[in-house]
Structure formats: structure tokens, C-alpha cells
Amino acid sequence: MNFDPYRYRGRDLHVEGVALKTIAARVGTPFYAYSAEKIRSQFRRFDRAFDGRSHTICFAVKVNSSLAVLRLLALEGAGADIVSGGELALARRAGISADRIVFAGVGKTEAEIEAALQASIFMFNVESEEELELIHSVARRLRRTAPVALRVNPDVEVDTHHHIATGRAENKFGVPFPRAEAVYRRASRMPWLKVVGVQSHIGSQILDVKPYRRTLEKLLPLVDRLAKAGIPLQTINLGGGLGVPYRPGQKGPDPSDLAREVLPLLEGRSLRLIFEPGRFMVAEAGCLVTKVLYRKETAHKNFVIVDAAMNDLARPALYDAYHHVQALRRGGRSWIADVVGPICESADYLAKGRRVPMPKAGDLWAVMTAGAYGYSMSSRYNARPRVPEVLVDGKKWWVVRERETLRDLTRGETLPEVLR
């Protein structure tokens, strides 16, 4: 069942049992709010879909790196999909077991590889032959066997934004499919590597699960050829990318839909399934609450200027992404306008040409489905301190990341003597 944590009670928008206006009165705006129960619900939906099949769900830390969110998922039994040494440190601090961590990414450094080996992570998703050589070199120096899977680029087309399609031949990710078998043979001859699996990630915000089946149909013959060559694999990793509904009335896929596509192909095989979902777990759990500053009418269009901006939520500027905008207090007339922030960029908008509540200064609005790639992609552009994060669980709520201060803007900076 798809649990919706955001509902109006009377005229006020609540997240679980807490009115968002109550949080706003205490912490100010803008801020991110997350529903703990929605995150739990999404993890359990995914986990239940693969009951009876050996599997591990590794949350993509890049999507939402809040320590509280990671800890919440750790307590549910999630692993972590990481792409940096920093994400490794966050995952471990949140209590995610190292043997449930997979390390992806095209640009792993020697220091990051060493840290991951010292931590005894589950495996590396290797993206190139030179990376394979570096992992082997570090493993030999540390005298620690490195478990590896090749990230294979299956050249599978998916219907998503071109910036977040990752499984096509033209993308930077993974080993080209025609080259994969030769690279596996090479890896199997490296004494400090242990070849354990194959990985593929075809993109993000995928609403049709059929491309996952096509990916598996390409990977399984490779698995069989490797087994005949004396290189048996134990895991098959289909990555993440399962999408969510951003628009009202839009329907997103259920993990059970994914299970129906892929599980029949794995009957009779002992391969352990690994998934790396991120957006699916947290996007619908989060919203960005903002305050109306001004209303502006011109001969060409109307604008609502709010105190949240592209530095707080970059997705509309980066991907022309849609986020539903609604008032924290229901009722009243509507207006068609662009919802924009204070940043000195024309790309600084949260919604374009949208029917929104008729605004007045001080009104509070929520930008919905903002729990994924929100705070984690935020910046201090225009010297704007990053906003706080709030976790809501039932009728209780906590500030789990404080709002940055003006002092934080220069933390770590020094003036050389010549400028003093």
C-alpha cells in the first residue's frame, strides 16, 4: 500500500501528525521535512516484493545523505550504495554494516579504495580496466582481497531525462558490453581480486519496469558464459532508478511490478539479487517548505517570489523537473504564475506557468516530492546558508540538521598575511 504522509487536516497541511506551520513557526523557512513512516513504508514495500529470494537493498546515499535518514534505513536492514569516501564514512556512522556496502562511481581514488578495503565492504562496482588495476594494486599493498563486480553497460534505452540515463553506450558509466567477458577473464587472473558479481545501472526516475527485464536478459547469458569459463558469479546487481510520481494523478511503478518482470528469469539460479534504490525510498517522504516574499505582475507573466531557491532545490534548474507546489493552508483563489527564488539567475525557479494559490507575502507553501536530490545537491550559491532538515515521526519531530549560519559561510577560510 502506498502510504501518503501529507494530508490536510481541516485547512492545514500536515506531515504525519504534525502541522507544517508548527515547524515553520519554530525553525523558520525554508526547511526540508521528511516523514519517517513514509521512508519505512517504502523500504518495506521493496523488501516484501522480493520475499523468498536472496536479496540486499543498498540505499543510494547520494540521493539523501542526512544521517537521520541513513540511520532510519539502517534500522530497517538497508545496506548502502556509495560513490565516495565521504559517503562511506556517513554510511558507517549511521550504523550500516560494511558487509552491506557497495562502492560505485567512475572516479574512485586510491585513498577511497584503501578506506573501503580497510572497512571490509561487500564489493566494488568496477567501471573501467584501469580502475581494476588500481584496486588490485591497493589490495596487494594492504594484503586484503578485494571483492569486485564489473559494472557492465548494457546499452539499454530508458524513457527518462538524458542527464540521468546511465545505461546507454554513449554514457561514461561501466564497461562496454562487448568488452565485458574479456575484462572478467583478466580480473579472474589477478590474485588479490575476488570476482563476485555483475552490476548494471540503466538510469534514474524509470517509470516502466520492462527495461530491467531487458537488462537482465542481456546479463544472464554473460553470467552463463563466465560460469563455463570457470568464473562463477554469486551476485547480480540491477542498480536503482525506480521512479516515483511527481505530478498529481501520475502513477509510479510498484516494486512488485519489478519483481514480476525479473524473478521468472532467475528461477533455478542461486544468484543473490542486489538493488540500489534511492529516489524510491525518500522522494515522496520529503517536502521543502518556503515562504512567499513578493507577488509581481508583468505584461508577460506573473511571478511569485519565495525564499527558497535553486541553491536549495536544484532539480528544476538542472532537469526542468516538475515539483507540485501547494499551500500549507488550503482554500482561496488560484493564479497562474512562475514560482521563483531570490538567486540572480533566470534558471532560479521552482515551478513555471503553474496554477498556484493566489499569494500574499508571508504565505507558506510546500514544494512536494523533494526528499530525493534536494538537500544533498544544495549549495551556498549567492552566499545563502544551507537550510535545516526536520524528521517527523508520528506526532513528534526533530531538527536533524541545523540551519547554517553566516559564520558557516567562511568556516575554514583564512586571509593571507598580505591581505590583513
- Positions within the stretch 211-257 being over 24 Å from the mean Cα position of the chain (by Cα) and either assigned by TED's automatic domain parsing to the domain that holds Val367 or not in a helix (DSSP H, G or I) (or both), in sequence order: Ala229, Gly230, Ile231, Pro232, Leu233, Gln234
- Grab the helices (runs of 4 or more DSSP H) fully contained in the stretch 1-92, keeping just those with 1 or more residues being under 26 Å from Gly197 (Cα atoms) and in contact with a Pro (Cβ under 7 Å, 6 or more places away or on another chain). 36-49
- Considering only the stretch 384-408, how many residues are in contact with a Phe, Trp or Tyr (Cβ under 8 Å, 6 or more places away or on another chain) and surrounded by fewer than 13 Cβ atoms within 10 Å (Cβ to Cβ)? 0
- modelled with pLDDT of 95 or more, under 25 Å from Phe177 (Cβ atoms) and either charged (D, E, K, R) or outside the structural domain of Arg151 (by TED's automatic domain parsing) (or both), is that true of Glu284? no
- Item | Unmet criterion (only one of (1) among the aliphatic types (A, V, I, L, M); (2) touching an Asp or Glu at 6+ places or on another chain (Cβ under 8 Å); (3) buried (at least 23 other Cβ atoms within 10 Å of the Cβ)) for Leu73 | (2)
- When you scan the stretch 283-305, how many residues do you find that are in a loop (DSSP other than H, G, I, E, B) and under 18 Å from Tyr32 (Cα atoms)? 0
- Query: Among the strands (runs of 3 or more DSSP E) contained in the stretch 328-412, which hold 1 or more residues that are more than 17 Å from Met310 (Cα to Cα) and basic (Lys, Arg)?
  - Reply: 349-357, 396-401
- Query: Looking at Pro264, is it assigned by TED's automatic domain parsing to the domain that holds Ala182, more than 30 Å from Val325 (Cβ to Cβ) and either touching a Gly at 6+ places or on another chain (Cβ under 9 Å) or not basic (Lys, Arg) (or both)?
  - Reply: yes
- Query: What single numbered condition from (1) closer than 27 Å to Val15 by Cβ; (2) in a strand (DSSP E or B) fails to hold for Ala308?
  - Reply: (2)
- Yes or no: Met377 at pLDDT below 95, more than 22 Å from Glu16 (Cα to Cα) and aliphatic (A, V, I, L, M)? no
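The values are calculated or read from the model by the stated rules, or taken from the named source; none is laboratory data. Just so we're clear, the structure is a prediction, and the values are computed from it rather than from any experiment. We place every Cβ from the backbone using ideal geometry, glycine too, and count neighbours over all the protein chains shown.
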